[in-house]
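Structure record follows, encoded as structure tokens.
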Amino acid sequence: MNDFSAEAMGIVIREHRQAQRPLMTQEELAKRADYGKGGAVSISRIERGLISPGEHRLAAIALPLQLTPEQLRQEAEDRTRSLARQRGQRSVKLRDQVAETKRRHTEINEKAAQRSKITQELGEAFNHVHDATRDEFFLRFVELAESISGAPEPERPNEEEIASTDEIPTAIRIEAMSVGIANAIRGAAAGGAAGAAVGGAAAYGAFTAAAIFGTASTGTAISMLSGVAATNATLALLGGGTLAAGGAGMAGGVLLLTGMVAAPAAALAAAGFYVVRQRRNKKEEERLRTEVEAAEAALDQSQQGFDAMIDVLLRATATMKYVSVHGIHALEKWGASLPPKPRDWESLGHEGQKRYKEFLTVAGCLLAVSSINVSALLTAQPDSLREMDKAVDQTLRYADKTIKSIV
């Protein structure tokens with residue numbers, strides 16, 4: 001668990017950035033920290049204390065500031081304690097107390113609103129590239145693969161390796177997903193109903209269900225679906241796209257986040273009467289300050305989960321975007337090289353068979369990224385979050401590295 005607040009880390013990073021000579025802009029820091037296009041927005045949010053960088057992001061930010069991640073953490077911890085001491089020095093004058101509480105009340109509401117805005121913005125960005133990758137790569141691969149008869153059943157991971165374990169190693173998990181996708185393709189090619197002919201989103205749901213739950217049942221898949229902006233159907237997990245009908249997709253953070261701050265927000269709303277009053281007595285001021293402190297604590301407690309979710313959104317989007325740019329092109333090139341229909345496995349030749357297996361692996365990687373449970377990240381306790389964050393990082397790193405080695 002971090003011993004520093006997002007606000008303190010933001011202040012420390014901003015001070016070191018501004019101390020560089022010549023002056024380093026947010027855009028320059030973002031570029032040097034490998035944030036990519038639009039990275040200045042992320043740096044701005046960090047410096048304003050809205051989000052706090054994860055370990056790999058912190059290391060990337062520290063380097064251009066000529067610091068180590070440990071130095072940034074230590075300074076942020078010191079600044080956190082300093083800010084706490086300052087806020088603990090309450091003015092004896094009621095008028096000053098009222099002004100301070102009103103300022104904190106406004107800051108909390110603005111922070112909650114900014115969190116929802118950030119989550120929705122990044123969730124929609126993921127949804128857009130996810131939909132494109134699903135339709136133009138995943139389902140296009142399925143369509144091509146279904147036209148190939150006699151494809152061998154892929155070798156399943158060693159069951160002893162995946163049985164009775166709480167955490168399946170990333171490589172084995174992705175291999176298992178690829179096997180599930182391949183078997184769903186084989187079933188569809190043999191006349192089953194799990195293929196692309198079922199329809200875009202429904203087919204995707206069937207294949208994801210086959211890979212994750214060991215079944216190609218369209219009914220089972222659809223029961224696990226929630227809406228996506230364009231198709232209104234997809235897996236109700238991290239890759240689920242836009243929320244609908246209570247689903248918990250990638251953008252599920254918006255509703256989950258709302259739920260996490262609903263109680264303190266409601267208390268603040270009820271206390272709003274006292275905030276807008278020009279005058280209030282000492283008892284009313286104490287009541288409002290207690291509610292403000294409860295809301296601040298709720299936001300602070302959820303900060304690490306929120307930061308983890310944002311990190312996943314950014315990294316998952318980047319991985320999907322890579323496939324949408326490079327993977328689709330490679331797939332179309334492979335499709336153009338296939339022999340005329342009807343085609344069988346032997347007619348593909350060694351190179352064509354190799355690419356089939358590689359694209360199957362890419363599909364498994366995409367599914368692994370899409371099935372990260374973001375709602376669990378948001379609501380996990382600190383100790384559990386640390387372990388979950390480690391597992392998620394391994395999945396994202398392995399999937400990204402594997403995809404780039406293939407396409």
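No value in this document is a laboratory result; all are computed from the given coordinates. Here the structure is a predicted model, which is why all the values come from computation and not from measurement. Using ideal geometry, Cβ is built from the backbone for each residue, glycine included, and neighbour counts are taken over all protein chains shown.
So the values come out like this:
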{"read-out": "Inter-label distance for LYS404 and LYS357, nm, one decimal - labels placed 7 Å from Cα along Cα-to-Cβ", "value": "2.4"}
{"read-out": "Distance (nanometres) between label positions extended 7 Å along Cα→Cβ at GLN66 and ARG386", "value": "3.4"}
{"read-out": "Spin-label proximity, ALA40 to segment 17-31 - amide N less than 14 Å from point 7 Å beyond Cα toward beta carbon", "value": "24-31"}
{"read-out": "Tensor-based shape of segment 6-47 (alpha-carbon gyration tensor, a/c under 1.5 rounded, otherwise prolate or oblate)", "value": "oblate"}
{"read-out": "Peptides 306-313, 376-383, 19-26 ordered by average Cβ neighbours within 10 Å, highest first", "value": "306-313, 376-383, 19-26"}
{"read-out": "Rounded FRET efficiency, nearest 0.05, which uses the C-beta distance separating ALA171 from HIS350 and R0 of 41 Å", "value": "0.95"}
{"read-out": "Stretch gain in nm, segment ARG48-ALA99, where the contour uses 0.36 nm per residue and the Cα spacing is subtracted", "value": "16.2 nm"}
{"read-out": "Computed lengthening from ARG21 to GLU55, 0.36 nm per intervening residue step minus Cα-Cα distance", "value": "9.6 nm"}
{"read-out": "Listed pairs LYS333/LYS404; LYS93/LYS283; LYS37/LYS357; LYS357/LYS404 exceeding 22 Å between Cα atoms", "value": "LYS37/LYS357"}
{"read-out": "Per DSSP, loop trypsin sites (Lys or Arg not before Pro) in segment 55-105 with at most 13 further Cβ within 10 Å", "value": "ARG90, LYS93"}
{"read-out": "Cα gyration tensor, segment 351-407 - rounded (a/c under 1.5), prolate or oblate", "value": "prolate"}
